[in-house]
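What follows is one structure encoded as structure tokens, with my remarks underneath.
The values are calculated or read from the model by the stated rules, or taken from the named source; none is laboratory data. All figures in this text were calculated on a predicted structure; none of them were measured in a lab. Please note: Cβ atoms are built from the backbone with ideal geometry, for glycine as well, and neighbour counts cover all protein chains shown. Each accessible area value is taken on the protein alone, full model and side chains, heavy atoms only, with ligands, DNA and RNA left out. Shrake-Rupley method; radii C 1.70, N 1.55, O 1.52, S 1.80 Å.
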Amino acid sequence: LSVGATARPPVRSKVARLGALTGPWAFGYTYSVVRTYQQKTAEATHDWYIVDAAGERLGTLAVRVARALSGKRKPTWTPHIDGGDHVVVINAEKIELGGGKWDKKLYYRHSGYPGALKVQTAKQVAEKHPERLIERAVRGMLAPNRMRSVQLNRLKVCAGAEHPHAAQKPQPLT
């Protein structure tokens with residue numbers, strides 16, 4: 001210290017003033033640690049569901065199917081684990097679109113060759129391949145990562161009411 005200077009008292013923090021009696025535990029609170037559940041690959045189950053597309057709107061149906069394929073409707077959903085279910089969609093030819101989308105909604109395909117862009121309306125696609133409408137809509141609602149093709153392999157779309165997956169005993173998707 002220089003001549004004439006006085007020493008300041010040391011600054012005491014709240015912890016130093018109260019000692020060890022700081023924090024919520026000092027007042028009778030207790031904590032329980034709840035860990036986030038992480039599903040293991042071996043624990044994943046792939047159930048079978050069936051959806052009747054007759055009279056359903058395309059977007060509404062695609063949301064329900066995409067959530068089942070990705071497994072997000074299960075309480076054990078884990079982002080990096082493939083825990084989705086198999087979904088069988090029947091009566092794809094009876095799907096509904098609103099707002100004049102049968103003529104306004106366009107689907108584009110390109111073969112990779114110059115000038116080979118194909119443009120079709122939803123009505124034209126539905127006449128020839130009605131299952132492609134549902135497949136495209138569901139594909140657009142799944143995450144664009146490596147899991148999308150794996151999840152889409154579990155989607156089975158049938159134009160009519162008959163399907164070859166009765167042996168798996170699919171339950172109705174709610």
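Residue-level check: of (1) in contact (Cβ under 8 Å) with a residue 60 or more places away in the chain; (2) of a type in the set (S, T, N, Q); (3) touching a strand residue (DSSP E or B) at 6+ places or on another chain (Cβ under 9 Å); (4) farther than 23 Å from residue 167 by Cβ, residue 91 misses just (4).
Restricting attention to the range 153-165, the residues that are surrounded by 11 or more Cβ atoms within 10 Å (Cβ to Cβ) and in a loop (DSSP other than H, G, I, E, B) add up to 7.
In the range 41-68, how many residues are of a type in the set (Val, Ile, Thr), within 19 Å of residue 169 (Cβ to Cβ) and surrounded by fewer than 16 Cβ atoms within 10 Å (Cβ to Cβ)? Spell out the reasoning first.
Just the residues of the range 41-68 that are of a type in the set (Val, Ile, Thr), to begin with: 41, 45, 50-51, 60, 63, 65.
Narrowing the set further to residues that are within 19 Å of residue 169 (Cβ to Cβ) leaves 45, 50-51, 65.
Filter once more, so that each one left must be surrounded by fewer than 16 Cβ atoms within 10 Å (Cβ to Cβ): 45.
Matching residues across the range 41-68 total 1.
The residue that is surrounded by the fewest Cβ atoms within 10 Å (Cβ to Cβ), counting only those in the range 69-84 that are of a type in the set (A, V, I, L, M, F, W, C) and in a loop (DSSP other than H, G, I, E, B), is 77.
Go through the range 29-68 and give me each residue that's in a loop (DSSP other than H, G, I, E, B), among the basic types (Lys, Arg) and without any contact (Cβ under 8 Å) to a residue 12 or more places away in the chain. Steps first, please.
Residues of the range 29-68 that are in a loop (DSSP other than H, G, I, E, B), as a first pass: 29-40, 44-47, 53-56.
Narrowing further to those that are among the basic types (Lys, Arg): 35, 40.
If the condition is that a residue be in a loop (DSSP other than H, G, I, E, B), among the basic types (Lys, Arg) and without any contact (Cβ under 8 Å) to a residue 12 or more places away in the chain, then 35 is the only one that fits.
Among the residues making up the range 85-109, those that are more than 15 Å from residue 55 (Cα to Cα), open to solvent by 40 Å² or more (accessible area, probe 1.4 Å) and of a type outside the set (Gly, Ala, Ser) are 101, 103, 104, 105, 106, 108, 109.
May I ask you to list the residues in the range 119-152 that are polar (S, T, N, Q), surrounded by fewer than 17 Cβ atoms within 10 Å (Cβ to Cβ) and in a helix (DSSP H, G or I)?
Correct list: 124, 149.
For the range 86-111, the set of residues classified as in a helix (DSSP H, G or I), more than 23 Å from the chain's Cα centre (by Cα) and either aliphatic (A, V, I, L, M) or closer than 30 Å to residue 172 by Cα (or both) consists of 93, 94, 101, 102, listed by residue number.
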